[in-house]
Amino acid sequence: MRAERRAVGEIESRRANGPDWDRYADDYQATHGEFLGDVGFVWGPEGLTESEARVLGDLAGRDVLEVGSGAGQCSRWVRAAGGRSYGLDLSHRQLQHSQRIDHATGVTVPSMVGTATALPFRDASFDVVFSSFGALQFVADIELAVAETARVLRRGGRFAFSITHPTRWMFPDDPDEAGLVASQSYWDRTPYVEVDEASGQVSYVEHHRTLGDWVALLAGAGFTITRLLEPEWPDHHDRVWGGWSGVRGRVTPGTAIFAADLP
Ligand SMILES: C[S@@+](CC[C@H](N)C(=O)[O-])C[C@H]1O[C@@H](n2cnc3c(N)ncnc32)[C@H](O)[C@@H]1O
């Protein structure tokens, strides 16, 4: 595998990321499933939960869509809180894990394979659309993904999502001190790409937008931004998740959580 920064479009991103998440799903759930909780809602590696943050608002009786739902842990928590949540994910294998946990817990999240850029729902179907480190940073055509979200939301609806904090893109993806030394431009939006050296195929893609880009994207789709949370690394939290660790998390933010409402 070779990592590089280069331009990648929507089709190539999706063609790479679906199979990548299929390959990675078993390992991902084995490694992070306990931290996520089968009926649990964490917004990121800092462990901030929705019950602490209350980003989504009152969920009882609300129609809720999770985009990039993975094994559905967050949506299951929403169901337990009285919401009618549904999952959508690019990876079939992630959704098989979701079904496994549905059966184990008795809390079922109806879910489907799909992509954030073509939501298979009628206009104005949901009160809340959210994503916890789900699809958004994997999508090239982010304008379309945000427009699709606005389309399926009802007036007064809420869009909330967590992503890798945009400032993290300046640093190497290293949980130790080396990961605190800025080495690349914050303003370089060239996607991060992994290429399978044997086949020459793109096997994984992530896309970067600056904080200003996110403000423009949300405002441009008619949203009013109501919150931007940058969770601090909690004392006594020593879990390392990829490039997220206490060493870095006590100095610089690793996660950004946006909430935005449709007037
Ligand atoms: C880091 S996981 C987050 C899932 C869940 N919230 C969790 O914390 O485990 C990212 C998920 O986004 C999904 N994903 C990636 N690109 C997507 C796309 N274009 N549309 C929908 N889901 C996508 C992946 O398949 C994966 O399940």
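Please treat every number below as a calculation from the coordinates, not as lab data. For clarity, every value in this text was computed on a predicted model and none was experimentally measured. Cβ atoms come from the backbone with ideal geometry, glycine included; neighbour counts cover every protein chain shown.
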At 7 Å along Cα-to-Cβ for each site, give me the label-to-label distance between residue 24 and residue 170 in nm. 2.5
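Is the C-alpha gyration tensor of segment 140-263 telling us rounded, prolate or oblate? Criteria: a/c under 1.5 is rounded; beyond that, a/b larger than b/c is prolate, otherwise oblate. Please list the in-between numbers first.
Working: a/c = 2.21, a/b = 1.32, b/c = 1.67.
Oblate, because a/c is 1.5 or more while a/b does not exceed b/c.
When the Kirkwood hydrodynamic radius is evaluated over all pairs of different C-alpha atoms of segment 149-207, what value in angstrom, to one decimal, is obtained? Working shown, then result.
Working: mean 1/r = 0.0684 Å⁻¹.
Result for segment 149-207 stands at 14.6 Å.
To the nearest 20 Debye, how big is the dipole of the chain about its Cα centre, given +1 on the beta carbon of each Lys and Arg and -1 on that of each Asp and Glu? Write down the numbers at each step before the final one.
On the way: 25 positive and 37 negative charges, 164 e Å.
Using only the charged Cβ atoms, the result is roughly 780 debye.
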Angle, helix 142-152 long axis vs. longest principal axis of the chain, Cα atoms, 0 to 90°, nearest 10? 10
Pulled fully out, how much extra length does the chain show between residue 35 and residue 49, if you take 0.36 nm times their separation in residues and subtract their Cα-Cα distance? 3.9 nm
At a Förster radius of 35 Å, what calculated FRET efficiency corresponds to the Cβ-Cβ distance of residue 80 and residue 185, to the nearest 0.05? 0.25
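Could you order the peptides 68-81, 99-112 from most to least packed, using the average number of other C-beta atoms within 10 Å per residue?
On the way: 68-81: 26.2, 99-112: 15.6.
Highest to lowest by the protection proxy: 68-81, 99-112.
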Sum -39500 (n - 2.57) across every DSSP H segment of at least 4 residues in the chain, then divide by the residue count to get the 222 nm mean residue ellipticity, nearest 500. -9000 deg cm²/dmol
Search the structure for amide H atoms under 5 Å from the amide H of residue 244, placed 1.01 Å from N in the peptide plane, and list their residues when 5 or more places away or on another chain. none
At q = 0.11 Å⁻¹, what base-10 log of I(q)/I(0) does the Debye formula yield for segment 9-79 when every alpha carbon is treated as an equal point scatterer in vacuo? -0.34
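With N set to the number of residues, divide the alpha-carbon radius of gyration of the chain by 2.2 N^0.38 Å and report two decimals. The partial results should precede the final answer.
Numbers: Rg = 17.5 Å, N = 263, 2.2 N^0.38 = 18.3 Å.
After normalising by residue count via 2.2 N^0.38 Å, the value is 0.95.
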Residues of segment 172-211 with backbone N under 11 Å of the label point set 7 Å from the Cα of residue 228 along Cα→Cβ are 210-211
Taking the Cα atoms only, what angle lies between the long axis of helix 10-36 and the longest principal axis of the chain, rounded to 10 degrees? 80
Between segment 17-48 and segment 147-213, how many Å separate their Cα centres? 17
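Return the tail of the calculated pair distribution for segment 34-135, meaning the percent of Cα-Cα pairs more than 15 Å apart.
Working: 2950 of 5151 pairs.
Result for the distance tail: 57 percent.
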Just grab the label-to-label distance for residue 236 and residue 103, each label 7 Å out from Cα along the Cβ direction, in nm (one decimal). 3.8
